[in-house]
Every structure is written in structure tokens, then in C-alpha cells.
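Since the structure comes first, as C-alpha cells, the remarks are kept for the end.
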Amino acid sequence: MFLQKMKMVPVPEQAYGNFFEGDCYIILNVSNSATQSTDIHYWIGNASSQDEQGAAAVYVTQLDGCLGGSPVQYREVQGCESAKFKSYFKNGLIYKKGGVGSGFTHVEANVYNIQRLLHVKGTKHVTAREVEVSWSSFNLGDIFLLDLGKVIIQWNGPQSNRQEKLKAVLLAQDIRDRERGGRAQIAVIEGGQEEAFPELMKIMISVLGQRTGHLKEPISDDKPDQNQISDVKLYHVSDASGQLLVQEVATSPLTQDLLSSTDCYILDQGGSSVMVWKGKAASDEERHSALSRAVGFIKAKNYPSNTKVEVMSEGGESAMFKHFFKSWKEKGQAQGLGKTHSVGKIAKVDQVKFDVMELHAQPKLAAQERMVDDASGHVQVWRIENLELKEVNPSTYGHFYGGDCYLVLYTYNRANKPQYILYMWQGRHATQDEVTACAYQAVNLDNKYNGAPTQVRVVMGKEPRHFLAIFKGRLIIFEGGTGRPGVVNPDPGARLFQVRGTHEMNTKATELPARAASLNTNDVFLLKTHQNVFLWYGKGCSGDEREMGKAVADLLSELDKQIVMEGQEPAAFWVALGGKAPYASDKRLEKEVALHEPRLFECSNQTGRFLMTEVADFTQDDLDEDDVMLLDTWEEIFLWIGNSANQYETQESYSGAVDYLKTHPAGRDPGTPITTVKQGYEPPTFTGWFNAWDAHKWSVSPAGGIANFFYVLILWKKQASFHTIELVLKNQSSKYILKVIIWSSLFQEYLTDAEFENLLGCTRDNFQRLPKWRQNDLKKKAGLF
């Protein structure tokens, strides 16, 4: 939501990630993690007024009160946002000039009368700022997007790097898909080779004018946005005497017993961030004034105005806050190997079936659960076949195949009026044609309902809570293949499914490679062969999870199920998985809420100081082959080395990890094990901290030449007087990695004659002589579409 005339106004979903510099915004996030934490961020634009900033702070306090005081509050300043905030907008943030109060409007879908220039910066977290549409805005080191509505031209500075280019492409595609319904064209110009793109340069010159003089030198990128500061101080905040008193209590390392439930405290991380902790029994005045007092503390200390601020209540502490304490124990936490569950407000709601009337009467409950209703509405499902919509047989609802794209229309009633949610589910192995057709058909369906549906893009493996609920425990994600009638999918022999969920509203089954390394001691797994169906119960799974495992097993097979307890597996079980192998069975993983949550950092070592940028809500996809990553599980430090990581950072990574432990504000044990892990050789003790780890994500194909690592799908398009080639790069397991759009004149140089013959089995000349159907047949066999 953003503030308009001092009132909160919802932001349309297609505008998420777009921020006007003259406005303030409030973002509510409810995590799907085991702790089900709730976070409130309020974002301050550089050109927003003091009145707007004050009103935003008041609304945050009121929203916090409506949610029972459990959320963690974050104060975000434009250009200095936290990693957690940036993680919500995977394709980047866009800063727009002006504000809604000045007559500007948020993004409208399918509007093409646009002319703007975006200055793109960043590799891990991307930001794009609207700048003057002029050559004077350009420099040699960054990337610029000239957005003309139907055409988006990406200009890559000669000194920009590969990662920056790829991130900018993803941002351009996000603009195309969200704001233009997938119907805009994207083209790329290499700034150091402009003469190779004459048609595109004509378009740029027609908009920007003829360029005179030289472009500006590169602007140095900001340093990683968090450097560890060991000088941490804890202050006691009290108004017991009727006057606000702030008194230093202790310096690092801190212990949990320093915090009293009757008071409030400020944790100062050397001016880089300020955290406020509110005790449950603190006075209402102390609790309600926590945010304003943090801002006052920053001013009193003469810290920069963009200093990060977090506000949290007792029992709802963030992972970062806990990491500043030498030890941390949750209330009611079991000793040893027992389990402990968060008993917060959200967890209580989760234990009972949703009452739709209660959700309508209490919007805060719907916001917490991200549930618009009790999922009892009407569901319709279509699959993209030959770029058109094909209705799916209702008997197979809930079965989604990685080689397909689907549209799911959910209809429910509110105040006796029909409401719609249109989910666009994209399989990671679907072709680019199908993905584009999915977006196009979604626009058509949206128009059929006069723009009423709320459109939600669902990426395979990241299905939202409500999406799970509408399929009532019948959601099964098949890794590959297709659900098209009459198509026989390859027989894998054995299939392994990981089942997660405690009731029909939150359960799904995900297919994983049928190997022992895919198992995890916390979960239920279904192993299906031609002769047997095994239901494997990990030591860390609950009774409810086992019951849902049985229900899913009945959906997948009518054969009798053999119950297998972890540690009591029959020989046939291991034979079906290709033999025994280590898997994520560390007993520490059995705890649903760990003493300290694992944290992932992108690392660099500059001028002798270890610097790190945290990756919030991390997944395997956040492990970038260009980086060195540090995974801190508290009892162990992992250094993950990407295959293309900088040599200097690789050499210095171990000493950097030692420095990390030495300077950690919680006084960490310097003897904490440090394990170096290379990309593609990750042990189960590492992969177990990632959900649904794909062991074949970085596998190398035995073929030579260009097919050695990537399959290449080529899609020709024509727009005006220029062509583009879209290259969709996939690895051995066909897991989607990225898309690159290049100028068509480079295609002849892209494959050597030897690579062309190796890929298609014939020479270029012979290929050109073949009939069209035969050419397409060879391309299909080579995996080109």
C-alpha cells in the first residue's frame, strides 16, 4: 500500500516493485516458513514529505497493533533497502519520478504509450531508476533500458559485466510480462559494438537524438550493503520515572537474560542498523512509541538518516536479532532432539479449518494467512496446447507437469458478488512459446471477465498458500513430462515424491530425482516402482504429515503401500533408489525451529575486511556460480564456491570466514567448523538446509561443443524492421536458468560449422537443402524446441 492524501491506498499487483520517489509505502509480508513470521516494511521515498513519513510510521504502528504486535517492523529508505525487502522483488526495484499526489499513476497493464529511460544497477539485488531520456544519462559501466511500450531496448555499457546484463534482461522481461501482457519485444545492444545494431540504433537516435561527445565514465557500484560490525551495544529504554530514559546495558557478546519482559531495548549495531525489542509486559506507551524512539535515537547519535531500523516484539524476534546473542532459547523449547513449534498468533489460526465469514469479518486474518476465503470456491483449469487453451479433465485437477503451462481460474463470492483469481502456472521445462502463450491467453481470459480477475504468476515449486488450498491436498508436481491426453511420457522406472503438509489446505507432493540423496529426515516420501509403492517416514515427520502422505499415495497408485520407517528400510527400497547414499539426516534438522535460523550471504573480501550481503528467504537458485557464498548454520560455516567465482575471492574465502567468526557480535566459538563446498559437489549436510534440493541442477552433459553444458532453444521473432533471437538456456536436467535476447545478425557467428554439424548431424549446406518438416525434425531431436 502507499500513502495518498495521508490515507493508505492498495497498490495493484502488476505495480509491485515500482516505487514513486515522492511517496511512502507500507508492505506486509507473511512468510510460508516453519516459523510463519509476519513482517511490515515502510518505505520512504527520497522526495517524500515529512508529513507523509510521519503518517506512514503511524499506520505501521496501527497495523502492528491490529496483528497483535507480533510482526517485525522495518524502516526502509530509498536506495538503502534491506536484503529482506529486496528479496520480495526478485527481478528488481524500479524508482519512478514524482508521486501519485502529483498526478502520476501506478502501472496499468497493456498500456503502450510509454517513453522512459531506466538506469539499471546491481547484480544480486537490482534497482532501476527513471532518469532523463537523454544520452547525458548514459555511462560506460551500467545498463539502460529504453522503454517505448511495444519495444524495450536494453543498452549494455561496454564495461558492464555478464551478471549485470543477465539481471537487466530479467527485469526487462518482467516489465514485458507484467505490464504488457507478454506482447512487447525486447532487443539488446552491446554498447561497445553499436555498429552491429544499425536498425536498433536508428530507433534509439530517433528518441534520444544524435549523440555528441563521449559518454561518462562508469559510476562505481555501492559496496555490499552490510559489513559486519562487532561493536554492538544494548540500551535499556524506560519511562518508569515519567520521562524517557535510554541507558547502556551491555556490549557484545550479548546474552538473552539481559532482556526483561517488562521493558523495551535498543540494540545498536555500530550505526549500521538499530533494532528495538519490545517486552510483552512493557507499558503501552513504550510499545507504541518504539518506532519513533528508534528514529529519535538515530538523530541523537548523529547517525545517517538512512540507517536501517527494525522493531520486534518478544517472541517474534528476527533471525538477525537472535544472531547478536551468544545463545538463544525459544519459549517452551524442548531439550535435546525434541521438536518445538512456534505458538504465535498465526500458528494458532493454522490449526483449524478456515471460516470464510470470519475471514471477511477480520481482514487482518486474511492478510496474515494470505487466504481470500476458505478455498471452497469454483476451480477451472486449462493447459496450453499448441499455443491455445485446452480444458483439463476435472478428474486430473491438481496434477501439474513440468513440461506444461496452465491457467487456473478460481471463482468465489464476496458480498454476493463473484470475485476471480487467475493463476498462471509455468512449468520449468515448458517451451518459451508456451510461456508466452500462457501470458497471452491470460490476457484474453482477463478481458473476457472485463479485467476483474486478480492475476497471479506461479513459478513451479513456489506455489502460494491459497493455490495449495484450492486443490484440497491433491496438488502433485511432476518434474517433467506433459499431462496432454494421448501423449506417453518417458517411463522413469522409479519415481520419488516429497510430501509436505499437515492437512488438505497446505499439502503438496513434489517429484524429486529417484535417488537416496533426495531423502530428508524431516519429511514423508513416496517411492513408486512398477512392483512396489513405499511410503517412507523420516524420523522428523509428524503424525499429521504421515496421514497426508497416505492420502497422496492413494492418489498416485492403487497398489498396496508398504510403510517404511527411517532406519528400517528393506533391500528393495534401496535397490529402487539405485543404492544407499548419504542424505540430509543431520539430527539438528529435526528441529522445526532451530536455535538460530541458517543465514546465507554473498561474500567479498576488500581491503582486509570481510563484507557480506545477506540473501533473505534463500533457495538453491540463489547460489550463483559467479559468487562465493557463506552459509551460517551456527554450528558450522559452509563456504560454497561457484564454478566461475573470482579467483581472488576464492583464495581469500577461508580467511574471510575466520574473520567472520572472530568479529561476530555474539562472540562465536573460533573453533566452529568451516567447510568448503564446491558447486556440483555439495554434501547432504549442506543441501539439507535447502528445500527440495536438485542434485542435477549443475550436471554436465557428455555431449561436446555448445551442448556441453546448455541446451539452446531458439525462437525467432520479428518486430518492425529488426529480428531478435531468444535463447532459453537450460542445463542437463532442463531446469530453467535464464533467458538471453541477442541481435539476429550474431546468429551466423554463434555456432561454428563443427558445432552446427555436431548439434544437428549434417552440414549447414545440407541442412538448407532439406524440406522444412525435415529441418524441424532435426531441430526437435537436437532439443532446439
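Using the Cβ-Cβ distance between Lys390 and Lys462 with R0 = 25 Å, the FRET efficiency computed as 1/(1 + (r/R0)^6) comes to roughly 0.55. Here the range 464-529 has 54 percent of its accessible surface on carbon and sulfur atoms, given a 1.4 Å probe and all protein chains in place.
Spin-label pair Ser557-Thr619: with each label point 7 Å from Cα along the Cα-Cβ axis, the two points sit 2.8 nm from one another.
Check cross-link reach from Lys233 to the aspartates and glutamates: straight Cα distance under 16 Å, and skip same-chain residues fewer than eight apart. Reachable aspartates and glutamates: Glu248, Asp257, Asp268, Glu310. Across the range 484-492, computed HN-Hα scalar couplings (Karplus, 6.51 cos²θ - 1.76 cosθ + 1.60, θ = phi - 60°) run 5, x, x, 8, 8, 6, x, 7, x Hz from first to last residue, x flagging Gly and Pro. In the full protein context, the range 233-323 carries 43 Å² of accessible surface per residue, based on a 1.4 Å probe and ignoring ligands, DNA and RNA. Net charge of the neighbourhood of Pro670, taken over other residues with C-beta under 15 Å away and scored Lys/Arg +1, Asp/Glu -1, is -2.
Positive contributions from Lys and Arg (+1) and negative ones from Asp and Glu (-1), summed over other residues with Cβ under 13 Å from the Cβ of Leu407, come out at -2. The phi-based Karplus calculation (6.51 cos²θ - 1.76 cosθ + 1.60; θ = phi - 60°) puts the 3J(HN,Hα) values of the range 632-647 at 9, 9, 6, 7, 7, 10, 9, 10, 9, 9, x, 4, 10, 5, 4, 4 Hz, whole numbers, x for Gly and Pro.
Amide H to amide H distances under 5 Å link Ser313 with Lys278, where only residues 5 or more positions off or on other chains count and H is placed in the peptide plane. By accessible area, using a 1.4 Å probe on protein heavy atoms only, the range 2-102 has 53% of its surface on carbon and sulfur. A crude spin-label estimate for the pair Arg183 and Ala452, with each label 7 Å from Cα along the Cβ direction, gives 2.2 nm. Normalised per residue, the accessible area of the range 116-208 is 30 Å², obtained with a 1.4 Å probe and no contribution from ligands, DNA or RNA. Simple rule: put +1 on each Lys or Arg Cβ and -1 on each Asp or Glu Cβ in the range 233-323, find the dipole, and look at Ala300, Ser252, Val276; the Cα lying farthest toward the positive end is Ala300.
Shown in residue order for the range 659-671 are the 3J(HN,Hα) couplings computed by the Karplus curve 6.51 cos²θ - 1.76 cosθ + 1.60 at θ = phi - 60°: 4, 4, 5, 5, 9, 4, x, 8, x, 5, 5, x, x Hz (x for Gly and Pro). For the pair Asn416 and Ser136 in one chain, pulling the backbone fully straight at 0.36 nm per residue adds 95.3 nm over the alpha carbon distance. The length gained by stretching the chain between Asn161 and Arg546 to full extension, at 0.36 nm per residue less their Cα-Cα distance, is 133.7 nm. Comparing Cα centroids, the range 413-461 and the range 128-192 end up 26 angstrom apart.
Amide H contacts under 5 Å for Lys216: Leu140, restricted to partners 5 or more places along the chain or on a different chain, H placed in the peptide plane at 1.01 Å from N.
The figure for Asp632 is an accessible area of roughly 0 square angstrom, using a 1.4 Å probe on the protein chains alone.
Return the FRET efficiency for the residue pair Gln50, Asn758: r is the Cβ-Cβ distance, R0 is 60 Å, and the value is rounded to the nearest 0.05. If you can, show how the numbers build up before the last one.
Values: r = 66 Å, r/R0 = 1.09.
After rounding to 0.05, the efficiency reads 0.35.
Taken along the Cα-to-beta-carbon direction at a fixed 7 Å, the label points for Tyr16 and Lys150 span 3.0 nm. Rg over Rh for the range 116-208 works out to 0.93, both radii taken from alpha-carbon positions and Rh defined as the Kirkwood radius.
Counting charges near Tyr440 (Lys, Arg +1; Asp, Glu -1) among other residues having Cβ under 12 Å from its Cβ returns a value of -2.
Residues whose amide H falls under 5 Å from that of Gly181, counting only those 5 or more places apart or on a different chain, are Asn110, with hydrogens built in the peptide plane. Within the accessible surface of the range 233-323, defined with a 1.4 Å probe on protein heavy atoms only, the carbon and sulfur portion equals 48 percent.
When the residues Arg465, Arg211, Arg162 are ordered by accessible surface, computed with a 1.4 Å probe over the protein chains alone, the sequence from largest down reads Arg162, Arg211, Arg465.
Solvent exposure of the range 380-479 amounts to 41 Å² per residue of accessible area, where only protein heavy atoms count and the probe is 1.4 Å. Pairs from the list Lys280/Lys322; Lys278/Lys329; Lys90/Lys165; Lys322/Lys662; Lys86/Lys662; Lys528/Lys580 with a Cα-Cα gap above 25 Å: Lys86/Lys662.
The values are calculated or read from the model by the stated rules, or taken from the named source; none is laboratory data. All of these numbers come straight from a predicted model, not from anything done at the bench. Counting neighbours? That spans all protein chains shown, and the Cβs are built from the backbone with ideal geometry, glycine included. Protein only, heavy atoms only, side chains kept; ligands, DNA and RNA dropped before computing areas. Shrake-Rupley method; radii C 1.70, N 1.55, O 1.52, S 1.80 Å.
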